[in-house]
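First comes the structure, then the notes that go with it.
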């Protein structure tokens, strides 16, 4: 008998397949907002007309633009953006960009609500061992136009990197989830191909670790299976034809579905746990961490979750095959890195990675139990 609890997140709408600028204006009217602060990709702002289109559509309702968020969302940039949003007296944050910008805006919401003005102040709002401290709920909320497909806009958690300790720390609050996500494939054509495809594997990783979790349930499974099937078909189509907006839309909807498990309470496993460390400590791009870790995690877990892994292979159109092999081939055919060596991480780092991974929220929830850093090291050796 299944037991569990599904908590529905605070997102109110997902609007897909319509031009982002028009939808943002409509959302501001729906939310009765009049002062939008844009947090956007620097590249999009400086080298394309996409952000200008949005600014023009908003007119005087746009009260500022922040376009300097580095990868992995460092504390310093979060505090700087929060300061600008505070000075602009914003009543809504609009993000246009990848996961680092989406997470940055979630963090800014909490900074504004809790008078966080320095990098050290972030200690007051960060989660410790996955548990968030008591704090004021955000009043200035966000809407998001994602340009990559890792799916962070569908979660109520944000990763913010402490550059001093080189640790990616978690911030969480139910209301940091954007009030609306706007999926416009036309805005994503400027995203570098490697970034689109690798964050697509991040979405695949959400589906796979969700399906293989010891805490999986049918509501999450339905979304993960459909999301995985859509991503498995659409990612190669975007690689073959980057201007195929239908394929990009399928990737975006597959990504939305991929977040079904995580947003309904199903934990991720060792691929996400090790990925946190590779990103924060070794600066490996978010999507690449899934490319290099996921097949090896599946191989290591297989003795305990072979039945669930069979669902993965079937959803990817390869029923009866070994899921790790199916994924390995899929990642290879997209031209993505396949090993730690490919992202320039040698065995001399494995002890440290294994030690740090044990402290992440996901290693303890891996389908095959992990009790010691030595077991994480076994997975790293498979991925070497």
Looking at 32, 18, which is the one that is outside any helix (DSSP H, G or I), at positive phi and in the same structural domain as residue 85 (by TED's automatic domain parsing)?
-> 32
Among the candidates 53, 129, single out the residue that is closer than 28 Å to residue 199 by Cα and touching a helix residue (DSSP H, G or I) at 6+ places or on another chain (Cβ under 6 Å).
-> 53
In segment 354-364, what count of residues is obtained for those that are surrounded by fewer than 21 Cβ atoms within 10 Å (Cβ to Cβ), part of a helix (DSSP H, G or I) and touching a residue at least 60 places away in the same chain (Cβ under 8 Å)?
-> 0
All-but-one check, residue 238 against (1) surrounded by fewer than 24 Cβ atoms within 10 Å (Cβ to Cβ); (2) under 23 Å from residue 96 (Cβ atoms); (3) more than 14 Å from the chain's Cα centre (by Cα), failing number (1)
Strands (runs of 3 or more DSSP E) wholly inside segment 122-185 containing at least 2 residues that are over 15 Å from residue 279 (Cβ atoms), touching a residue at least 40 places away in the same chain (Cβ under 8 Å) and not assigned by TED's automatic domain parsing to the domain that holds residue 273 | 141-146, 167-172, 180-183
Just checking, which of 338, 308 is assigned to a helix (DSSP H, G or I) and touching a helix residue (DSSP H, G or I) at 6+ places or on another chain (Cβ under 9 Å)?
-> 308
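The values are calculated or read from the model by the stated rules, or taken from the named source; none is laboratory data. Computed from a prediction, not measured in an experiment: that's the story for all the values here. Cβ atoms come from the backbone with ideal geometry, glycine included; neighbour counts cover every protein chain shown.
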